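Asks: Below: one structure in structure tokens.
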């Protein structure tokens, strides 16, 4: 189904997580999911973006590096810890 949708609709980008996250942890993709998704996006000229905002906690590069995935774009977050008022921590009188 995805192959049909990508080939006839002109979708520019597919955005997904390497593994879905919820309140209970990670929901792993089926074997071969990412390889097939990458094949489909390449064959249709569709960009592939992976969202590592949750799964980056598995280590440097997140699941993208751990699983050897090859997205065109990758989203990540930077964890910032501030123990005092964030406004005051940026401006010291």
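The values are calculated or read from the model by the stated rules, or taken from the named source; none is laboratory data. These numbers come from a predicted model, not from an experiment. Here Cβ is always computed from backbone atoms with ideal geometry, including for glycine, and neighbour counts include all displayed protein chains.
Asks: Can you go through 71, 29, 60 and tell me which one is in contact with a strand residue (DSSP E or B) (Cβ under 6 Å, 6 or more places away or on another chain) and either within 18 Å of residue 14 (Cβ to Cβ) or surrounded by fewer than 15 Cβ atoms within 10 Å (Cβ to Cβ) (or both)?
Replies: Just a single option satisfies the conditions, and that option is 71.
Asks: Okay, next question. State whether the residues of region 39-47 include one that is under 8 Å from the mean Cα position of the chain (by Cα) and under 29 Å from residue 9 (Cα atoms).
Replies: Let us first name the residues in region 39-47 that are under 8 Å from the mean Cα position of the chain (by Cα), namely none.
No.
Asks: Among the numbered criteria (1) touching a helix residue (DSSP H, G or I) at 6+ places or on another chain (Cβ under 6 Å); (2) touching a residue at least 60 places away in the same chain (Cβ under 8 Å), which single criterion is violated by residue 13?
Replies: Status for residue 13: all satisfied but (1).
Asks: Are there any helices (runs of 4 or more DSSP H) wholly within region 1-66 with 3 or more residues that are under 27 Å from residue 77 (Cβ atoms), and if so which? Working first, answer last.
Replies: On the way: elements: 2-9, 33-44, 62-66.
In region 1-66, 33-44, 62-66 are the helices (runs of 4 or more DSSP H) which contain 3 or more residues that are under 27 Å from residue 77 (Cβ atoms).
Asks: When you check residue 69 against the structure, is it part of a loop (DSSP other than H, G, I, E, B), at pLDDT 85 or above and on the phi < 0 side of the Ramachandran plot, yes or no?
Replies: yes
Asks: Go through region 1-23 and give me each residue that's within 17 Å of residue 63 (Cβ to Cβ) and over 13 Å from the mean Cα position of the chain (by Cα). Walk me through it before giving the result.
Replies: Step one: of region 1-23, the residues within 17 Å of residue 63 (Cβ to Cβ) are 14-22.
Within region 1-23, 22 is the sole residue that qualifies.
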